[in-house]
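Since the structure comes first, as structure tokens, the remarks are kept for the end.
The values are calculated or read from the model by the stated rules, or taken from the named source; none is laboratory data. Keep in mind the model is a prediction, meaning the values are calculated, not measured. Cβ placement follows ideal geometry from the backbone for every residue including glycine, while neighbour counts extend to all protein chains displayed. For accessibility, only protein heavy atoms count, side chains too; no ligands or nucleic acids. Shrake-Rupley method; radii C 1.70, N 1.55, O 1.52, S 1.80 Å.
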Amino acid sequence: MSMSALAITEEHQDLAASAIGRLQRSGSRAAARATLDQPGSYSREIWSAGAELGWNGLAIAEEFGGSGFGLAELAIIAEITGRELTPGPFLPTVAAALVIDRCAPDSVRAQLLPGLADGSTVAALGLNGLVNMESDLTATAQWPAVPGAPDADVLVLAAGADLLVVDAAADGVTVAALPSLDTTRSIGSVSMRGAAIPADRVLRGAARHARTVFRILAAAESVGISWACLDMAVEYAKVREQFGRTIGTFQAVKHHAANMLVDAEQTTAATWVAAG
């Protein structure tokens, strides 16, 4: 199959080929292995290279420094970063950026989107929290597990049906890094104690859209990981020997590989429909 399972059109295939070529030249998988010694760390070189190629701003409006494309194009890059195990906060950053672009007023878009598009700003998206919003727009809240929060400059946080767009360094906001099972990305808890939220940074009714966007992009990343796992398993089965034969000749191993293929194909199809 091609380098991208989600890329159907020639333009999307070119986008995928460019992305996978850049990540392979940058040693993305080696950078992922390096996080075993430094969990949550990531290569600023790889991050900057992707930003320079326009990945961070793919789905951001052109007037704010982006390319004006949509979720389908962003999903292809998410798939490739999954396939190459790219460490860093790409997934939460681009998901948060897309939600800000689609749901925030122009005042907030103008403040935040240029930095998100050029890679100088990192964002996190927290969708599960316990929030008490007062009538004067101050918040006391806790989000126990927010992907990318320790790296983030901007936090986009669900508060019931709404979203709060918060500067990570704002008064009353505390981010605490947490140990993560996945060493290629950071995770942290976010708490607020009487933090003041400007009215234009409360995005009414936007939480549902944010959940949809994050689920689709996380699924696209998982598609890439699924195909990478299948490719590596098949290559290993061709060379690993047991009882004098390569294990790929054993029927039980063939069945495992076939089941992996079916699961990957089904996941790809569902994600392609959702992202389109």
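Things worth noting here:
- Of T93, T121, all but one fail to be surrounded by 18 or more Cβ atoms within 10 Å (Cβ to Cβ), part of a loop (DSSP other than H, G, I, E, B) and modelled with pLDDT of 95 or more; the exception is T121.
- Filter pass, V146 being closer than 29 Å to A32 by Cα, modelled with pLDDT of 95 or more and part of a strand (DSSP E or B): yes
- Yes/no for T140 being modelled with pLDDT under 95 and either assigned to a helix (DSSP H, G or I) or touching a strand residue (DSSP E or B) at 6+ places or on another chain (Cβ under 6 Å) (or both): yes
- Selection count, the stretch 27-67, where residues are open to solvent by less than 50 Å² (accessible area, probe 1.4 Å) and not in a helix (DSSP H, G or I): 16
- Among (1) within 17 Å of P92 (Cα to Cα); (2) assigned to a loop (DSSP other than H, G, I, E, B), the one test that G205 misses: (1)
- Among the residues of the stretch 167-189, at least one is among the charged types (D, E, K, R), closer than 27 Å to S43 by Cβ, open to solvent by 20 Å² or more (accessible area, probe 1.4 Å) and in contact (Cβ under 8 Å) with a residue 60 or more places away in the chain.
- Here L116 meets each of (1) closer than 19 Å to S186 by Cα; (2) not polar (S, T, N, Q); (3) not in a helix (DSSP H, G or I) with one exception, condition (3).
- Checking each residue in the stretch 220-276 for being part of a loop (DSSP other than H, G, I, E, B) and under 25 Å from R29 (Cβ atoms) picks out only R240.
- Residues in the stretch 1-25 that are over 19 Å from E45 (Cα atoms), part of a helix (DSSP H, G or I) and without any contact (Cβ under 8 Å) to a residue 12 or more places away in the chain: E10, E11, Q13, D14.
- Top-ranked residue of the stretch 231-275 - restricted to ones that are of a type in the set (S, T, Y) and more than 17 Å from I216 (Cα to Cα), ranked as least open to solvent (accessible area, probe 1.4 Å): T246
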